[in-house]
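All of the numbers you see were taken from the coordinates with simple rules; none came from a lab. Since this is a predicted model, take the numbers as computed values, not measurements. So basically every Cβ, Gly included, is an ideal-geometry build from the backbone, and we count neighbours across all protein chains shown.
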Amino acid sequence: MTTTHSPSETATASELSSLDRCDSCGAQAYVRVRLQSGELFFCGHHASKVKPALASSALEWLDETDRLIADQAL
C-alpha cells in the first residue's frame, strides 16, 4: 500500500522504483519527500531519522516502506 500524506491530501505520486536511491546512504529509497525546494529520497531507516525535522515543511510524504515486508514475502 502506498501512503501519501500532504496538506491537501490530493497529491498523486508515482511508485518509487529500485532506481530511486536514498540521498543519505545510497540504499533503495522507499520514501520520497517533496519540499518547496525539490525532492529528497530516503531508505526506511533514514526517513524515520529525518521525519521529525522535515514533516512540518514537507509538501508531500510518500512512504512505501510497507513494500519492504511485501518484498520479503516473495
Most exposed to least, judged by fewest other Cβ atoms within 10 Å, GLU15, GLU64, GLU39 sort to GLU15, GLU39, GLU64
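Could you please rank ASP66, ASP20, placing first whichever residue has the fewest other Cβ atoms within 10 Å of its Cβ?
ASP66, ASP20
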Per the C-alpha gyration tensor (a ≥ b ≥ c, the square roots of its eigenvalues), the stretch 19-58 is rounded if a/c is under 1.5, else prolate if a/b beats b/c, else oblate; here it's oblate
Taking a crude spin-label model, label points 7 Å out from Cα along the C-beta direction, the SER17 to VAL50 distance in nm is 2.1
